[in-house]
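Data first, discussion second: the structure below is written as structure tokens.
The values are calculated or read from the model by the stated rules, or taken from the named source; none is laboratory data. Being a predicted model, the structure only gives us computed values, none of them experimental. Neighbour counts run over all protein chains shown; Cβ positions are idealised from the backbone, glycine included. All accessible areas refer to the heavy atoms of the entire protein, side chains included, with ligands and DNA or RNA removed. Shrake-Rupley method; radii C 1.70, N 1.55, O 1.52, S 1.80 Å.
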Amino acid sequence: MSTRLSRSVRPDSELADLLLLHCAGILPVGPGFEVVLIDEDLAHQAVALLDRMELSVDPVGAVSAVEGRWAFFVPEESDIPVWPARTQYFSCGTTLPLPPIPGTTPALINSTRWIRWQPFGRVITAPLLLQLAVNAVAPRALAS
């Protein structure tokens with residue numbers, strides 16, 4: 001049984017403002033959200049799988065690319081259950097480089113870019129659906 005206290009999730013509008021504030025710079029992770037980095041090929045396949053599902057709401061929020069991995073913004077404490085191989089979890093207190101706002105200046109920090117940009121829409125990704133999709137495509141991604 002976990003002894004951690006559950007914290008609230010930042011509203012998408014507040015997180016969108018935070019992303020805009022830190023675009024083309026360094027984003028401090030948390031409180032109210034954390035980040036999971038997934039190898040690009042695995043993340044691409046997982047998002048494609050989620051896109052093919054007939055869900056009432058798109059479970060994927062804003063996504064940026066950082067050095068060959070995709071960064072998904074998830075609620076705090078989304079590290080349980082443990083994420084599969086080829087992922088890295090960034091909890092509160094870490095930092096993440098962000099790309100500039102799409103259509104402005106070229107990315108300067110570690111070739112960052114936006115994969116999905118929804119500054120006035122969904123920012124947080126549904127972590128359990130993303131984890132299920134990553135686990136479903138992982139065997140195929142390892143084989144390719």
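Assorted remarks:
- When 111, 91 are compared by accessible surface with a 1.4 Å probe, the order from highest to lowest is 111, 91.
- The stretch 78-104 residues near the modelled residue 22 label - backbone nitrogen below 12 Å, point 7 Å along Cα→Cβ: 90-99
- Solvent-accessible area of residue 90, all protein chains in place: 30 Å² (probe radius 1.4 Å, heavy atoms, ligands and nucleic acids excluded).
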